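Throughout, read-outs are computed from the coordinates displayed, never taken from laboratory work. Source: prediction; values computed, not measured. Here the Cβ is made from the backbone with ideal geometry for all residues, glycine too, and neighbour counts use every protein chain on show.
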Amino acid sequence: MLSATALLQDALLSFIGTFGFALLYQVPRKALWLCAAIGMGGYVLRSLLHQLGLDLDIATFCGALFVGLVGTIPAQRLQLPLVLFAITGIICMVPGIPAFKVLVYFEHGDILGGLGSAIEAGFAVVALVSGIGAARILTDSEWGFE
């Protein structure tokens, strides 16, 4: 089970990571803190759901859905594109470790291990895209049905 200390650490590190990526992504100053808070919320939700027994891919979908749904509020109020909040918000949930493991397994000649990690990373990416897409369909009536 995730302790309060580990949850606080996850929250802080995801906030910093999202904030840093928002700086690199050149998000306007008025939205930096909001991007970081939304990204932190999505990551903490994903961590909590996974620690409560939900499969990581489903938890990732829920975290991305949260980012997409909550990101629409400041996007509309600040007259900024939703993509600023969506992309910066999901960056901490990108499956970097499984993607790196693919390279390591292939380098060591473990093709099955590499394929397993590639599939794991692929499912996580699909969960992220599906969560953001579902949020967009739910909040923008014209987007999904043009």
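Annotations
- GNM top mover of 20, 116, 89 - the chain, alpha-carbon springs below 10 Å: 116
- Footprinting exposure proxy for 30, 101 (fewest neighbouring C-beta atoms within 10 Å first): 30, 101
- Rounded to the nearest 10 degrees, the inclination of helix 56-77 to the longest alpha-carbon principal axis of the chain is 20 degrees.
- For the stretch 46-107, the spread of Cα positions along each principal axis, largest first, Å: 48, 29, 11
- Estimated [θ] at 222 nm from DSSP helical runs (n ≥ 4, -39500 (n - 2.57)) normalised by residues in the chain, nearest 500: -27000 deg cm²/dmol
- Charge dipole (debye, nearest 20) of the chain; +1 at Cβ of Lys and Arg, -1 at Cβ of Asp and Glu: 560
- Residue 55-residue 26 FRET efficiency (beta carbon distance; Förster radius 41 Å; 0.05 resolution): 0.70
- Each residue in 120, 142, 107 was given a count of other beta-carbon atoms within 10 angstrom of its own, and listing them fewest first yields 142, 107, 120.
- Percent of C-alpha pairs per 5 Å bin, the chain, short to long: 2, 11, 18, 19, 18, 15, 10, 5, 2, 1, 0
- Nonlocal amide H pairs with residue 94, under 5 Å, H built at 1.01 Å: none
- Extended-chain gain in nm, criterion 0.36 nm per residue less alpha-carbon gap, residue 33 and residue 6: 7.5 nm
- Among 122, 39, 71, residue whose mean-square fluctuation peaks in a GNM of the chain (springs only between Cα atoms under 10 Å): 122
- In order along the stretch 78-87, phi translates into HN-Hα couplings of 8, 6, 10, x, 4, 4, 4, 7, 5, 5 Hz, rounded to whole numbers, per the Karplus curve 6.51 cos²θ - 1.76 cosθ + 1.60 with θ = phi - 60° and x for Gly and Pro.
- Taking 35, 92 and counting other C-beta atoms within 10 Å, the order from fewest to most: 92, 35
- When Rg and the Kirkwood radius Rh are both evaluated on Cα atoms of the stretch 1-82, their ratio Rg/Rh stands at 1.01.
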